Amino acid sequence: MTNKEEDHIEFIKNHRVGYNSQTKKVEILPLLEFEQANLNAIHLNQNSIFVKSRQMHFTSLVSSYAAWFAATQHNKNIVIVCPTTSQASEFLNKTKATLQNYFGESWKKNIVQNTKRYITLKNGSTIESIGSSISAGRGKMLDLLIFDEAAYVEHIDTIWMAAGIALKHEEGKCIMYSSVNYEDDFFLTTYYNAKKKENNFVPVKRIWSDNPYNNISFYEYMFKILGSELVKQEYDCIPRSKEIKSNRNNIITFRIDMWMEKEINKKLLQKSEEFKENYTLSTYLRELILKDLK
């Protein structure tokens with residue numbers, strides 16, 4: 001059994017399990033300097049909000065913090081709200097992987113309930129991870145509320161109104177993070193208001209270069225295969241404007257798994273080399289859709 005007195009930093013250093021993009025293995029992940037700074041912002045403040053680039057491993061980091069929060073304390077209620085049920089399952093699976101590594105051989109003895117949606121520990125702590133739901137967090141007092149990819153959670157303003165009230169007064173903690181979507185949505189408005197100290201969130205921004213694994217070659221590669229508009233949004237954290245939003249019926253937006261993103265990037269690079277010009281994701285998708293419609 002691992003020492004129950006481990007603080008959140010040591011816990012995550014010792015037990016966060018995931019896919020390491022550098023070694024290409026599932027293993028204990030190193031805690032990078034910028035990630036430790038993120039943890040400090042989370043741990044030392046009641047509410048924190050992060051505007052982030054893609055591929056900053058926030059879900060991995062926050063899911064391991066949720067594991068620490070539940071495993072080392074008693075009777076804690078944790079709710080995670082994600083854009084979709086599949087993302088909610090992925091978040092909970094990451095949390096479970098860290099908990100399994102922490103408990104080791106006594107894993108099963110420390111679990112009371114274990115489903116695709118929630119997990120209950122022997123110490124009375126519960127972790128529930130769900131897709132966008134207006135009823136999220138209602139009916140219980142919450143110790144920790146997490147919004148994963150908050151800019152893409154439907155009805156987030158209504159959810160926050162209800163779940164925020166359910167947070168324990170002066171003790172309940174909220175973590176909200178996301179890549180950017182539209183400039184005037186609830187998530188970014190909350191972030192901008194935090195910067196102006198008009199709410200009690202502590203704002204943090206993380207762009208692609210904050211991750212030491214991302215160098216200028218990485219940025220130029222993403223620029224080549226995705227195009228300037230998507231790179232600015234996904235990696236420089238520049239939201240889409242209101243003008244673009246007003247014509248959003250011509251835009252299809254969806255999220256993809258990391259393995260799929262890697263395979264698509266390979267395909268785009270292959271196409272670019274084949275045609276001797278920049279072959280964008282938009283072109284690729286249009287061709288696939290047109291082919292299917294015929």
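What's the number of the only condition in (1) crowded, with 22+ Cβ neighbours inside 10 Å; (2) assigned to a helix (DSSP H, G or I) that Met56 fails to meet? The number of the failed condition is (2).
Considering the stretch 9-38, the residues that are hydrophobic (A, V, I, L, M, F, W, C) and within 17 Å of Pro212 (Cα to Cα) include one that is surrounded by the most Cβ atoms within 10 Å (Cβ to Cβ), namely Leu29. For Glu154, the test of being surrounded by fewer than 19 Cβ atoms within 10 Å (Cβ to Cβ), assigned by TED's automatic domain parsing to the domain that holds Phe69 and at positive phi is failed.
Looking at this structure, is Thr120 assigned by TED's automatic domain parsing to the domain that holds Glu35, in contact with a strand residue (DSSP E or B) (Cβ under 6 Å, 6 or more places away or on another chain), among the β-branched types (Val, Ile, Thr) and more than 24 Å from Arg206 (Cβ to Cβ)? Criteria met by Thr120. Of Thr72, Thr85, all but one fail to be surrounded by 16 or more Cβ atoms within 10 Å (Cβ to Cβ) and either modelled with pLDDT under 95 or out of contact with any Cys (no Cβ under 8 Å at 6 or more places or on another chain) (or both); the exception is Thr72. Summed over the stretch 13-27, the residues that are among the hydrophobic types (A, V, I, L, M, F, W, C) and either within 17 Å of the chain's Cα centre (by Cα) or at pLDDT 95 or above (or both) give a count of 1. In summary, Ile49 fulfils each of the numbered conditions (1) farther than 25 Å from Asn110 by Cα; (2) buried (at least 18 other Cβ atoms within 10 Å of the Cβ); (3) more than 12 Å from the chain's Cα centre (by Cα) with the single exception of condition (3). Against the criterion of being more than 22 Å from Thr72 (Cα to Cα), in contact (Cβ under 8 Å) with a residue 24 or more places away in the chain and surrounded by 14 or more Cβ atoms within 10 Å (Cβ to Cβ), Phe103 does not qualify.
When every residue of the stretch 219-240 is checked against the conditions, at least one turns out to be farther than 23 Å from Asn47 by Cα, part of a loop (DSSP other than H, G, I, E, B) and at pLDDT below 90. Answer yes if at least one residue in the stretch 168-180 is under 27 Å from Ser21 (Cβ atoms) and assigned to a loop (DSSP other than H, G, I, E, B), and no otherwise. Yes: the stretch 168-180 contains one or more residues that are under 27 Å from Ser21 (Cβ atoms) and assigned to a loop (DSSP other than H, G, I, E, B). Would you say Ile111 is in contact (Cβ under 8 Å) with a residue 60 or more places away in the chain and among the β-branched types (Val, Ile, Thr)? Taking the combined requirement at face value, the residue does not satisfy it.
The values are calculated or read from the model by the stated rules, or taken from the named source; none is laboratory data. These numbers were taken from a predicted model, which means no experiment stands behind them. Note: ideal-geometry Cβ built from the backbone for every residue, glycine included; neighbour counts use all protein chains shown.
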